[in-house]
Amino acid sequence: MQTPREALSIEEQIDQWRSYFRRRQAIHSVDIAELEDHLREQVAGLVDAGLATDEAFLVAVKRMGNLDALSREFAREHSDRLWKQLVLVPSDSGELQAPGRTDAIVAFCLAVAAAVAIKVPALFGLQLDENKAEDFGFYARNLSLFVLPLLTGYFVWKRRLDALTLRWLAVTFVAAAVFANAYPFAARGSTEALTALHLPMALWLVVGIAYAGARWRQVAGRMDFIRFSGEIFIYYVLIALGGFVFTGFTLMVFKAIGINAAPFVQLWLIPCGAVGAVLVGSWLVEAKQSVIENMAPVLTRIFTPLFAVMLVMFLATMLWTGRGVGIQREVLIGFDLLLALVLGLLLYSISARDPRQPPGAFDVVQVVLVISALLADAVALWAIAARITEFGFTPNRVAALGENVILLVNLSWSAVLYIRFLSGRGSFASLEKWQTDYLPVYAAWAAIVVTLFPPLFRYI
């Protein structure tokens with residue numbers, strides 16, 4: 001519940017927003033009352049999601065900038081003031097302080113805890129060394145368990161989730177730990193590798209439930225989690241690039257005095273930094289969400305047309321030359337990664353789009369991308385089926401077959417819904433609902449791979 005001071009603050013900010021619109025009402029034909037109702041709904045939803053009222057207003061104003069030219073003008077002209085409000089807000093004593101300082105402290109403490117957690121197995125003689133197959137396999141299977149429970153705990157604390165939800169989340173992580181470690185995996189076997197790859201996918205949905213909190217059952221809540229997923233990926237890559245530069249300079253400066261820092265970098269700096277960066281990146285996304293222009297929508301606008309053109313050229317070349325797709329394992333893995341990336345572009349484009357806007361040129365590009373990816377997925381499925389027919393069933397081939405079938409269903413219905421939207425026979429909201437409702441399917445398949453594939457394929 002808002003305190004009287006918070007209510008006063010938000011009313012003052014909305015009053016300033018309303019005054020700005022009234023001064024320009026003669027130039028722009030706008031329904032101020034309707035826009036204000038929408039702004040208040042946005043603010044209320046964000047406050048319910050756990051944001052402070054000041055933060056909620058800033059995020060809502062940025063989102064309103066996607067509605068019309070006057071809203072964008074307001075956001076642009078007030079960007080400097082809004083950013084200063086985000087970074088420096090008055091405390092009870094009247095001094096300026098950084099908002100969310102407690103959030104930052106909690107996030108960084110959890111990052112340190114993740115860094116410590118990944119080194120705990122070393123106390124029992126397990127070293128992160130790829131030359132030791134059993135030790136390396138243990139770290140690969142459990143990597144997500146060193147960090148995702150802590151990230152989930154961060155959102156449990158931030159969203160103030162109830163005890164029942166907390167218990168279910170805890171039970172899920174305990175079950176994941178059991179399945180990741182109880183099976184007698186063969187060292188460097190296929191089922192061990194599949195567990196290492198699919199366990200994070202299944203647990204990421206658990207993170208999403210904690211992130212969205214009470215809003216998980218709503219389309220908007222799940223869409224917010226998709227936006228978060230895109231942003232954390234971008235932030236993590238940027239942090240990793242910075243870490244790469246830092247690592248290089250660390251090796252260089254210690255080498256200058258005759259000390260080999262490579263063992264420290266390999267055993268401490270890289271693993272601890274990799275897991276800690278997930279918490280730090282998540283805090284950055286939370287702190288900056290929608291106040292300044294996010295990077296993921298911009299990158300999506302750039303790479304969606306590029307991937308659409310590439311897939312169209314690939315399909316045209318394949319038809320022109322009459323050549324089929326090679327059935328080598330590396331080629332099929334590359335195809336699966338390509339389709340997963342295309343799906344990511346589609347998901348984030350949908351999450352970043354205002355569903356009330358009419359169809360535009362970018363939506364046409366999206367349809368071309370979806371249909372091209374659908375055809376490419378059909379080609380990949382044919383190649384996987386040919387490989388299974390020739391060489392038989394293996395855990396890798398069955399996992400790839402299932403994933404491609406899941407993608408085929410998603411892309412097929414997405415194409416239908418998008419074409420309906422372009423032709424005016426359907427709404428964009430139905431496409432949003434389909435994508436968010438389909439999220440558990442990916443997690444369910446990943447859970448099946450983790451729990452059933454090892455015994456079915458005799459832990460090979």
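The values are calculated or read from the model by the stated rules, or taken from the named source; none is laboratory data. If you're wondering where the values come from, they're calculated on a predicted model, not measured in any experiment. FYI the Cβ positions are ideal-geometry reconstructions off the backbone, even for glycines, and counts take in every protein chain you see.
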So for segment 353-371 (the condition being in a loop (DSSP other than H, G, I, E, B), of a type in the set (Lys, Arg) and farther than 23 Å from Phe307 by Cβ), does at least one residue qualify? yes
Can you name every residue in segment 389-415 that is of a type in the set (S, T, N, Q) and touching a residue at least 40 places away in the same chain (Cβ under 8 Å)? Thr394, Asn396, Asn404, Asn410, Ser414
Mind listing just one residue for me: the one in segment 198-228 that is of a type in the set (Lys, Arg) and assigned to a helix (DSSP H, G or I) and, of those, farthest from Trp168 (Cα to Cα)? Arg227
Can you pull out the residues in segment 380-402 that are more than 30 Å from the chain's Cα centre (by Cα), small (Gly, Ala, Ser) and either crowded, with 16+ Cβ neighbours inside 10 Å or not in a helix (DSSP H, G or I) (or both)? Gly392
So Ile448, is it over 21 Å from the mean Cα position of the chain (by Cα) and at pLDDT 95 or above: yes
Checking Leu431 against (1) over 29 Å from Pro359 (Cβ atoms); (2) not assigned by TED's automatic domain parsing to the domain that holds Gly334: exactly one of these is not met. Which one? (1)
For Val405, only one of the following conditions fails: (1) surrounded by 15 or more Cβ atoms within 10 Å (Cβ to Cβ); (2) at pLDDT 90 or above; (3) β-branched (Val, Ile, Thr); (4) within 20 Å of Trp445 (Cα to Cα). What is its number? (1)
How many residues are part of a helix (DSSP H, G or I) and over 25 Å from Trp204 (Cα atoms) when one looks only at segment 230-267? 18
Sole miss for Tyr418 among (1) buried (at least 19 other Cβ atoms within 10 Å of the Cβ); (2) touching a residue at least 60 places away in the same chain (Cβ under 8 Å) is condition (2)
Return the residues of segment 358-379 that are under 21 Å from Lys433 (Cα atoms) and more than 24 Å from the chain's Cα centre (by Cα); say none if nothing qualifies. Pro358, Pro359, Gly360, Val364
